[in-house]
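Every number in this text was worked out from the coordinates using simple rules, so none of it is lab data. Because the structure is a prediction, the values reported are computed rather than measured. All Cβ positions, even for glycine, are placed from backbone atoms using ideal geometry, and neighbour counts span all protein chains on display.
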Amino acid sequence: MTNISFDEVVSFFRERDDFLILCHTNPDEDTLGSAYALYLALEKLGKRAKLLCDMPISRRSSSIVDQDVFEPFDADLPFDGEAFKGCTVVSVDVASSNMLGRLKKHFETKTDLKIDHHAIGEDFAKYNFTDADCGACGMILYRIIASLGVMDETIASSLYMAISADTGGFRYSNTTADTHRIAAALLEAGADGAAVNEALFETKSKSDFAALQLGLSKMRYLCDGLVSLISISNADKEAAGIDDRDLGELPSIARQPDGVLLGLVLKQTDGDGRRFKVSTRSREGFDTAALCAKFGGGGHVRAAGATIFADSIAEAEKKLLDAVYPMIGDLT
Ligand SMILES: [Mn+2]
């Protein structure tokens, strides 16, 4: 559980050969773009690398990231640890071992290097490197790959996607002068920024629209309009013909109404029906990471997530709002 310097991270990659790169569960484009770029960079260095995530890649990333290079993973089948024996295990954009999802039990104590940008997290790896000044993990990977001297157009596009996704297309408050400097360097290296942003922000599937329709129909205002809440049950998803992968845009939608300080999306997840995933987005003044920490979750000040266990969606809502009300009360 040692923290290492940037130079040590670069040496770490130079000195080793066989790598296994881990993404976080519910993979977003930052973890996918960072992991895919690192995979390509290591291959270019003549090293061997494998990619692993406990869920399929997001649709938004599928024109940038090659799904086929990911190792197959099926949580219902016995895990074949032999395939990764001897690998140096690296996690990207994974704040805590819980974010490894179903990979946690296999890799929590076997991760050699954690590279992350979340301000709140746990150093579960043998070596840890966190730079919370970076709005995206992709910014850290840019610096590593540039230092390794193997940047190319495909890697640049993958990193540009990671950064654009986590900064909301360079619109969120985590966008800094450094973010733009790195984005500029990636464009110079051949990143197709327009194609990336079109895939991320200008393309929706029919099921995205079905999810949007469902989400808007479920949106409620609470606390005199300071909070918006979208609650979605498994039955709702089934009736609309959508699944969890279609719901990724709803948290940012929940925060959009004028005057809303905190947008909440509560969704029942598959399985025994007792797990409810809450995704939060806030404006200046509300710390979503502190809210989600109450449920063992985490994330950033303006965007965080957690899992709530309850027997019904009504009970999950009550647990969530019982945590929210005092925090809103403190502000008003
Ligand atoms: Mn990230």
**Asked** Which aspartates and glutamates have a Cα lying under 17 Å from the Cα of K204, excluding residues fewer than 8 positions away in the same chain?
**Response** D28, E29, D243, D244, D246, E249
**Asked** Put +1 on the Cβ of every Lys and Arg and -1 on every Asp and Glu Cβ in the chain; which of F170, M327, G101 then has its Cα farthest towards the positive end of the dipole?
**Response** M327
**Asked** Nearest-5 percent of antiparallel DSSP beta bridges in segment 208-331?
**Response** 75 percent
**Prompt:** Rounded to the nearest 0.05, what FRET efficiency do E198 and Q256 have when you use their Cβ-Cβ distance and R0 = 22 Å?
**Reply:** 0.60
**Alpha-carbon gyration tensor eigenvalues x 5, square-rooted, for segment 208-331, Å** = 21, 16, 12
**Prompt:** Once the Cα atoms of helix 153-166 and of the chain are each reduced to a long axis, what angle between those two axes, in degrees from 0 to 90 to the nearest 10, is obtained?
**Reply:** 30 degrees
**Complete:** Taking every other residue with Cβ under 10 Å from the Cβ of D192 and scoring Lys and Arg +1, Asp and Glu -1, one gets -2
**Prompt:** Using Cα pairs under 8 angstrom and six or more residues apart, how large is the relative contact order of segment 93-196, in percent?
**Reply:** 21 percent
**Prompt:** Any idea what the relative contact order of segment 31-109 is, in percent, if you count C-alpha pairs under 8 Å spaced at least 6 apart?
**Reply:** 32 percent
**Message:** Restricting to Cα pairs below 8 Å that are 6+ residues apart, what does the relative contact order work out to for the chain? Please round to a whole percent.
**Reply:** 13 percent
**Prompt:** Where does the chain land at 222 nm, in deg cm²/dmol rounded to the nearest 500, when only DSSP H runs of n ≥ 4 count, each adding -39500 (n - 2.57), divided by all residues?
**Reply:** -11500 deg cm²/dmol
**Asked** Is segment 1-110 rounded, prolate or oblate when judged by the Cα gyration tensor, a ≥ b ≥ c being the square roots of its eigenvalues, rounded requiring a/c under 1.5 and prolate requiring a/b larger than b/c?
**Response** rounded
**Over 26 Å (Cα to Cα) - which of K114/K206; K218/K277; K44/K105 fall in this group** = K114/K206; K44/K105
**Asked** Cβ under 10 Å from R255's Cβ, R255 left aside: what net charge do those residues give with Lys, Arg +1 and Asp, Glu -1?
**Response** +3
**Fill in**
Here the gain from full extension of H180 to L45, 0.36 nm per residue of separation minus their alpha-carbon distance, amounts to 45.9 nm
**Request:** Give the angle, between 0 and 90 degrees and rounded to the nearest 10, that separates the Cα long axis of helix 137-148 from the longest principal axis of the Cα atoms of the chain.
**Result:** 10 degrees
**Item:** Viscosity 0.692 mPa s, temperature 37 °C, Stokes-Einstein D of the chain from Kirkwood C-alpha radius, µm²/s
**Value:** 162 µm²/s
**Peptides 239-251, 20-32, 49-61 ordered by average Cβ neighbours within 10 Å, highest first** = 20-32, 49-61, 239-251
